[in-house]
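Chemist: I have a structure here, written as structure tokens, and I will follow up with some questions on it.
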Amino acid sequence: MTTLLAENSADAHEQVNRMFGTLAIANTDANLTLTDVQAQYGALLFTGATTGSIDIIFPAEARIWHVKNDTGNAIVLKKSGGTGYTQTNNTWVTVCYNSDAADIEQITAAL
């Protein structure tokens, strides 16, 4: 998916907010597949009390995301059908979709 700024200034403003903004997503114990709109945000904050590890499914598009895990448990950041990257609780990490590996990969150390 290629992100182009909309011709309408209000739509362009919203797109810029998504690219550089942070989206907080309250999780449950169910796996989550990101919507196209959710995946447009540059930073994702996962919250909510989970009782075990859950999968966060990212779209297979060339993107970089900064991800914070505040769920209380590990989360697995991956592409559908992939093995992905397991992120521990209370950490920030930068990940990307790697088309060569066909999965989500960590590109910075967890902070």
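Since every read-out is calculated from the coordinates, none of them should be taken as a lab result. Please read these numbers as outputs of a predicted model, since none were measured by experiment.
Chemist: So who's got an amide H within less than 5 Å of the one on R63, skipping anything under 5 residues away but keeping other chains? H placed 1.01 Å off N, in plane.
Modeler: Sorted by chain and number, the residues that satisfy this are Y97.
Chemist: Step through the residues of the range 94-103 one at a time and calculate ³J(HN,Hα) from phi using the Karplus curve (6.51 cos²θ - 1.76 cosθ + 1.60, θ = phi - 60°), rounding each to whole Hz and writing x for Gly and Pro.
Modeler: Using θ = phi - 60°, the values come out as 9, 10, 9, 8, 9, 5, 5, 8, 6, 7 Hz.
Chemist: I need the phi-derived Karplus couplings for the range 57-64: 6.51 cos²θ - 1.76 cosθ + 1.60, θ = phi - 60°, integer Hz, Gly and Pro marked x.
Modeler: My calculation for the range 57-64 gives 9, 9, x, 7, 9, 5, 8, 10 Hz in order.
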